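Right, one structure below, let's go through it.
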Ligand code: RP5
C-alpha cells in the first residue's frame, strides 16, 4: 500500500498482519507530517526471499528510511539492515507470552557493525519511529522540517495550556 501519488520515501514493514494495530501508529505519524510511505507485510521467517528482495531493492526504489516492526523472535529489522545501506528503525511489537521483552531484546542486541535504531515496545515506539523517520527526511526537506517543528510546538502548547492535572 502506498500513501499518496508521491513516490514513497519511508518503507513501513512488519512481520505479520497481526502487527498492524501497533504499526499503524508509525503510519499515522508519517501521514500527519506529510511523508510519503509504503507499507506491507514482510516476514523474516515465513517469506525470507521477499525480505531479501525488499531490502536489496529499497534504496534503488527511492526509499530513504525503513521502519520494521516485529514481535517475538523479531529478526526482521536486523536482517533488513544487513541487506540495505538505508537507516532501519526497529519497533518491538508486544508479544503475548513475554509482553514484548523478547521482541525488544531481539531487535536491540545487534552485533557491532550492522545498525538498527531500536524504539520502545508497542505504540510509543511505532509513533516515535514515524517521527524519527520524518526527522531524518527533514534533514534535506524543508517542508517536512516545518511539519516536525509545528508538531512539536503544538505538543508543547497543549501541555503548557493545561497545567492543572485535574482538568479535562
Ligand atoms: C512475528 O511473529 C510477527 O512480527 C508477529 O509479531 C509475531 C506473531 O505473528 P502471527 O503468528 O500473529 O502472524 O514474526
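The values are calculated or read from the model by the stated rules, or taken from the named source; none is laboratory data. The structure presented is a predicted model; accordingly, all values stated were derived computationally and were not measured. Positions of Cβ are generated from backbone atoms using ideal geometry, with glycine treated the same way; all protein chains shown enter the neighbour counts.
Observations, loosely collected:
- For the range 120-139, the criterion of being more than 16 Å from the ligand (Cβ to nearest atom) and over 20 Å from residue 23 (Cβ atoms) is met by at least one residue.
- Which numbered condition residue 39 misses (of (1) in a loop (DSSP other than H, G, I, E, B); (2) away from the ligand (no atom under 13 Å from the Cβ); (3) in contact with a helix residue (DSSP H, G or I) (Cβ under 9 Å, 6 or more places away or on another chain)): (1)
Results for (1) at pLDDT 95 or above; (2) within 13 Å of the chain's Cα centre (by Cα); (3) more than 19 Å from residue 1 (Cα to Cα); (4) within 14 Å of the ligand (Cβ to nearest atom), shown as yes or no for each residue.
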{"residue": "29", "(1), (2), (3), (4)": "yes, yes, no, no"}
{"residue": "32", "(1), (2), (3), (4)": "yes, no, no, no"}
{"residue": "48", "(1), (2), (3), (4)": "yes, no, yes, yes"}
{"residue": "85", "(1), (2), (3), (4)": "yes, no, yes, no"}
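- Filtered by the rule that a residue be buried (at least 17 other Cβ atoms within 10 Å of the Cβ) and on the phi > 0 side of the Ramachandran plot, the range 60-118 gives 72, 100.
- Residue within the range 101-117 that is within 13 Å of the chain's Cα centre (by Cα), within 13 Å of the ligand (Cβ to nearest atom) and under 29 Å from residue 56 (Cβ atoms) present: yes
- Listed by first and then second residue, the pairs linking a residue in the range 27-46 that is at negative phi to a residue that is assigned to a loop (DSSP other than H, G, I, E, B) and at pLDDT below 95, with Cβ atoms under 6 Å apart and 6 or more places separating them unless they lie on different chains, are 36/3; 36/4; 36/6; 37/3; 39/1.
- Filtered residue count, the range 47-96, keeping only those that are within 17 Å of residue 20 (Cα to Cα), touching a residue at least 40 places away in the same chain (Cβ under 8 Å) and assigned to a strand (DSSP E or B): 9
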